[in-house]
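Input: a single structure, listed below in structure tokens.
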Amino acid sequence: MDGLTVGDLVETNARKYPDDECLVSLTGDTRETITFLEFEDRVNRIARVLADRGVSTGDRVAVYMQNHPETIATYYGAMTLGALPVPINHRFKDDEVSYVLEDSEATFCVFDEDAAEIIATVANRDGTAIEDYLYLGEEAPAFAESYHAACEGVSADRVEVVPDRLDPAALMYTSGTTGKPKGCVLTHDNIIQNSVNTVYSCNFRENEDRFLVVTPLFHIAAVALFTNTFYCGSTTYLLNDFVPKRVMEVIDSESITGSFFVPMMSRALLDVDGFDDYDLSSFEHYMTGAAPSERELKEAIIESFDANLYEVFGQTEMSPVTCLLSPEDALTKPDSIGKSIINVSVKVVDDDGQEVEPGEIGRIAYKGPTAFSEYLGMPEKTDEVFDEGYFVSSDLVRQDEEGYLYFVGRHDDMIVSGGENIHPAEIEEVLHEHEAISEVAVVGVPDEEWTERVRAAVVPQEDESLTAEAVTEYVGERIADYKKPREVVFYDELPRNPTGKIVKGQLQ
């Protein structure tokens, strides 16, 4: 064995903190507590179940479940065995689930009651390689085994197969905001190094913290937060749904010390009735990301929670954290995504791979031990995104003279109109300053004359009257005329994926 693997963490923590709380699941009025020793037992049992049914090193195990303790145990059991868990977005519909099952070539599937209808629909479709199904729920369908019955029927001894730290550990799919999701192969070293970086940079404490995970476990942000907490031997509290009032109650009653919320969650928490009645004195680590938080929101979070605000930036391919805006810079550099996190090297490059000058817009490129190994089944795409050891992202940024980075947009989102390159984020930044606008997203749409034209999708503030002409005029008064929206569409709300990112494809 070479180096530390995820399975080693499970064994180490069971020895070091056997009777301490590893995981507390809060579902309805039920409070289930799992110690580190009990978690090891669960991980070993599901690993044994998988091994007994033919799953081995390198195989893919689809996991289509909500935020259950069994979801995490299955991830870790597969990784301990040397197989790759494949989390599936539990909001996906039939065709989306089929795509992931087929693309990943998963041979085993674990699903829960909420997923049963869709799994029954796609189970026999051509292209699906699933051989066995495990069901978490009261009564298993005819084509599946009961999860708990299977685990109770095997030994809790650790399986013999122990992967190398550089072996594949998980197959995480990108959010797919600009096309079909791509399967990113992450190694054990990627996952553990991300925790090392985050734990150090965000001041996690060994065997002391109590972190709440309420974002969905199919997303790498939630998996990473659990792993960060687990790496420290601290306790993770698990909620299945984001209900703002319930989150506030849990922070209060369980003395939660930290969590991760996307901006839309932050706004909902701040709007909870009786906010000032909750005891938030334990809450120290307020982590946010996945979408930008404007200055006003950051000010409200800091004032209301009296916590350290850490804004993290990253992507699935980097396991995921790459940049961090520290609490000290949250309000002095509110528009920045911060600087590269420890152990990640960053540069800003043009389309030829050459570094650009400070202030110029370019693609952000990363190098470090958290960079993924490959896109599954896409060797040409993998080669395309790596340049001299750097993963060259499609995220566009600029860097100031002090080294702070600013997100500009996606390279894929670039609008080419009349021969000019237009960055949507520049127009969005202008419109965010309009007092009558609550939310905005800018996209390019096909145009016979201009190739593309700028379309602004606008959500007005409540009780505000706004016209398309006023929006266009506002932009034209502040930036170059060719960047003005040629089309303005008003919405009650913008389409978002489960992590809060705007799905711009639905606006085009």
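None of the figures in this text is laboratory data; all of them are computed from the coordinates on show. Keep in mind that what you see is a predicted model, and the values were worked out from it rather than measured. Every residue, glycine among them, receives a Cβ derived from its backbone with ideal geometry; neighbour counts consider all protein chains shown.
Could the peptides 102-114, 325-337, 3-15 be put in order, highest first, of the mean number of other beta-carbon atoms found within 10 Å of their residues?
Most protected by this proxy first, the peptides run 102-114, 3-15, 325-337.
On a C-alpha basis, how far is the centre of segment 383-454 from the centre of segment 95-139 in Å? Whole number, if you could?
Spelled out, the Cα-based centre of one part sits 37 Å from the other.
Enumerate the residues in segment 435-454 having an amide nitrogen under 16 Å from the point lying 7 Å beyond the Cα of Glu473 toward its Cβ.
435-437
Taking amide hydrogens as modeled 1.01 Å from N in the peptide plane, which residues meet the under 5 Å criterion relative to Asp209, leaving out close sequence neighbours?
For Asp209, whose amide H was placed from the backbone, the distant partners under 5 Å are Thr235.
Starting from the Cα-Cα distance between Val356 and Phe275, subtract it from 0.36 nm times their residue separation and give me the gain in nm to one decimal.
Answer, rounded to one decimal: 24.6 nm.
Could you sort out which of Lys93/Lys182; Lys180/Lys504; Lys182/Lys501; Lys381/Lys483; Lys180/Lys367 sit more than 20 Å apart by Cα distance in this structure?
Lys381/Lys483; Lys180/Lys367
Run the numbers for Asp481 and His148: contour at 0.36 nm per residue of separation, minus the present Cα-Cα distance, in nm.
Extending this stretch completely gives an extra 113.6 nm.
For Lys298, go through the aspartates and glutamates and keep the ones whose alpha-carbon is under 13 Å away, minus same-chain ones fewer than eight residues off.
Straight-distance partners of Lys298: Asp306, Glu311, Glu328, Asp329, Asp335.
May I ask you to derive the relative contact order of segment 106-149, considering only C-alpha pairs under 8 Å and at least 6 residues apart, and to give it as an integer percent?
In percent, rounded to a whole number, it is 40.
Match the structure shown to one of the listed values (1) 38; (2) 64; (3) 22 of percent of Cα pairs over 40 Å apart, computed from it, and give that label.
Answer label, from the structure shown: (3).
Any idea how far apart Lys245 and Gln508 come out in nm if each label point goes 7 Å out from Cα toward Cβ?
With each label placed 7 Å out from Cα toward Cβ, I get 4.1 nm.
Please state the charge dipole magnitude for segment 414-507, taken about the Cα centre, from unit charges on C-beta atoms (+1 on K and R, -1 on D and E), reported in debye and rounded to the nearest 20.
My answer is approximately 440 debye.
What ranking, highest mean first, results for peptides 181-189, 372-380 when packing means the other Cβ atoms within 10 Å averaged over each residue?
Answer by packing, highest mean first, reads 181-189, 372-380.
Sorted by mean Cβ packing within 10 Å, highest first, what order do the peptides 437-444, 349-356 take?
Listed from highest to lowest mean packing, they are 437-444, 349-356.
Restrict the search to segment 148-227; then list the GluC sites (Glu not before Pro) that DSSP places in a loop and that have at most 13 other Cβ atoms within 10 Å of their Cβ.
Sparse-neighbourhood loop GluC sites (Glu not before Pro): Glu160, Glu206, Glu208.
Starting from the Cα of Asp20, step 7 Å along the direction of its Cβ; do the same at Arg295; then give the gap between the two resulting points in nm.
It is 4.1 nm.
Given labels modelled 7 Å from the Cα in the Cβ direction, how far is it in nm from Glu435 to Thr121?
Calculated label separation equals 4.8 nm.
Within segment 252-277, what residues put their amide N at less than 18 Å from the label point 7 Å along the Cα-to-Cβ vector of Glu462?
Label zone hits: 264-276.
What is the dipole size for segment 336-407, taken about its Cα centre, with +1 at each Lys and Arg Cβ and -1 at each Asp and Glu Cβ, in debye to the nearest 20?
In total the dipole reaches around 400 debye.
Just flag the chymotrypsin sites (Phe, Trp or Tyr not before Pro) in segment 119-169 sitting in loop per DSSP whose Cβ has no more than 15 other Cβ atoms within 10 Å.
Filter output for segment 119-169: Phe143.
Figure the gain on full extension for Glu254 and Tyr491 (residue separation times 0.36 nm, minus the Cα-Cα span) and round it to one decimal in nm.
Extra length from Glu254 to Tyr491 when fully extended: 81.5 nm.
Taking R0 as 51 Å, what FRET efficiency do you get between Arg267 and Asp157 from their Cβ-Cβ distance, rounded to the nearest 0.05?
Given R0 = 51 Å and the Cβ-Cβ separation, E is 0.60.
Once the Cβ-Cβ distance between Asn203 and Arg53 is put in as r, and R0 is 45 Å, what FRET efficiency do you end up with, to the nearest 0.05?
Calculated transfer efficiency: 0.60.
Normalised by the number of residues in the chain, what is the relative contact order in percent for Cα pairs under 8 Å and 6+ residues apart?
10 percent
List the relative contact order of segment 336-407 as a percent without decimals, with contacts defined as Cα pairs under 8 Å and 6+ residues apart.
Relative contact order comes out at 39 percent.
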